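Report on one structure; see the data block that follows.
The values are calculated or read from the model by the stated rules, or taken from the named source; none is laboratory data. Here the structure is a predicted model, which means the values were calculated and not measured. Reconstructed Cβ throughout: ideal geometry from the backbone, glycine too, with neighbour counts over all protein chains shown. These accessible areas exclude ligands, DNA and RNA; they are computed on the full protein's heavy atoms, side chains included. Shrake-Rupley method; radii C 1.70, N 1.55, O 1.52, S 1.80 Å.
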Amino acid sequence: MIHILPELGYPMDALYPNISNETLEYHHGKHHKAYVDNLNKLIAWTEFENSTLEEIVKKAPKWPLFNNAAQVWNHNFYFESFSESPRTIPEGKLLDMIDEKWGSFEMFKQEFNKMAMANFWSGWTWLTRDWTDWPLNIWNTQNASTPLTSREEEWILIPLLTCDIWEHAYYIDYRNRRADYLEKFWNVVDWNIVERRI
Ligand code: FE
């Protein structure tokens with residue numbers, strides 16, 4: 001099975017000025033593409049040759065296959081969360097759960113950003129929900145790690161949203177100002193898409 005770099009569901013300039021076309025050209029066109037190319041090279045002639053991306057993420061040895069496969073999955077998930085004309089506020093059941101847990105959507109965003117600022121590593125910040133129940137949570141993962149692998153264990157997390165906080169995600173637009181990137185991130189997240197993941 002050949003894994004393919006998914007096309008962005010929006011034009012390169014659609015997220016500007018929150019995320020510039022230059023950032024998308026590098027982040028999607030170079031970084032994300034490199035993970036896909038590496039993944040395809042690494043699975044050739046192995047037991048993972050015909051596996052789906054999710055199967056590889058869950059079963060692959062840590063390095064280098066897991067890292068490349070998980071980075072493909074994480075980036076697919078990240079870039080899929082944006083749209084050209086996003087609904088920037090959650091609604092319905094998800095909004096109720098956010099209100100219940102954090103008090104308001106504004107307070108949720110503050111908590112998420114605080115967690116993302118505290119992630120010392122190159123990594124990701126996630127909103128997840130528990131499979132069996134509804135508790136929402138915010139997590140940091142390091143490097144390529146993803147909540148997807150939690151499905152192997154008893155405690156199953158469903159990822160709803162992620163923010164890439166590797167420097168390559170924001171350095172062209174914001175240099176070292178991660179907080180500014182995080183603030184603008186919310187202008188392009190489409191909650192129609194997040195709600196579908198529930
Ligand atoms: Fe990235």
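Quick notes on this one:
- All positions within segment 133-180 that are within 16 Å of the ligand (Cβ to nearest atom), out of contact with any Pro (no Cβ under 8 Å at 6 or more places or on another chain) and free of Cβ contacts under 8 Å to residues at least 40 places away in the same chain: Asn140, Gln142, Tyr171, Tyr174
- Identity of the residue in segment 109-130, loosely packed, with under 13 Cβ neighbours inside 10 Å and aromatic (Phe, Trp, Tyr), that ends up modelled with the highest pLDDT: Phe120
- Residue pairs whose Cβ atoms lie under 9 Å apart, separated by 6 or more positions or on different chains, with the first residue in segment 35-61 and over 12 Å from Ile2 (Cβ atoms) and the second of a type in the set (Asp, Glu), are Phe48/Glu55; Lys58/Glu152; Lys59/Glu47; Lys59/Glu152.
- Members of segment 1-34 that are of a type in the set (Gly, Ala, Ser) and open to solvent by less than 50 Å² (accessible area, probe 1.4 Å): Ala14, Ser20, Gly29, Ala34
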